[in-house]
1. Quick one: in the stretch 54-65, which of the residues that are over 23 Å from the mean Cα position of the chain (by Cα) and over 15 Å from Cys17 (Cα atoms) is modelled with the lowest pLDDT?
2. With the condition kept exactly as written, say whether any residue in the stretch 96-104 is charged (D, E, K, R), surrounded by 10 or more Cβ atoms within 10 Å (Cβ to Cβ) and within 30 Å of Arg36 (Cβ to Cβ).
Amino acid sequence: MSDSSCDSISNSIMMTCFCGELTRCFTPRTPLNLVRRFYRCSKSKIENCEFWRWEDKSSENSSIEANLLMSKLEVATLKMENLRESLNAVKIERDNLKKKLENLESLNYFEVNKLRNLKAKVPKLKM
Ligand SMILES: [Zn+2]
């Protein structure tokens, strides 16, 4: 997960983490959490106390919303996969039909030639 520091510490409540340091504010870049920021320990990954908190207090509502969006996303992904499979089936059918058409065309060409040859022979037979 990639995230970036907030550019402004504007109205933020200054939170302190478990180790007593001021937390840093981050903005996640995931599509589901576009606006929501979170705070976490400002120390490096190895040293930090694993403090982590959403910026707002409506985190419960937001997580329900996020879950809803997530399941919608899953449904949409499934639909897309189904459509992709149908598309592949249609493509295979199209290729098969194309081959059949080519066979029929060459067969037709062959028959037309045969007919032409027979027609050419007819006047000679009458004589
Ligand atoms: Zn800390």
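1. Ser59
2. no
Yes or no, residue by residue, for (1) farther than 23 Å from Met14 by Cα; (2) in the same structural domain as Met14 (by TED's automatic domain parsing); (3) at pLDDT 95 or above:
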{"site": "Ser44", "(1), (2), (3)": "no, yes, no"}
{"site": "Trp52", "(1), (2), (3)": "no, yes, no"}
{"site": "Asn67", "(1), (2), (3)": "yes, no, no"}
{"site": "Lys79", "(1), (2), (3)": "yes, no, yes"}
{"site": "Arg84", "(1), (2), (3)": "yes, no, yes"}
{"site": "Glu93", "(1), (2), (3)": "yes, no, yes"}
{"site": "Lys99", "(1), (2), (3)": "yes, no, yes"}
{"site": "Glu105", "(1), (2), (3)": "yes, no, yes"}
{"site": "Asn117", "(1), (2), (3)": "yes, no, no"}
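The values are calculated or read from the model by the stated rules, or taken from the named source; none is laboratory data. Here the structure is a predicted model, which is why all the values come from computation and not from measurement. Every residue, glycine as well, gets a Cβ built from its backbone with ideal geometry; the counts of neighbours run over all protein chains shown.
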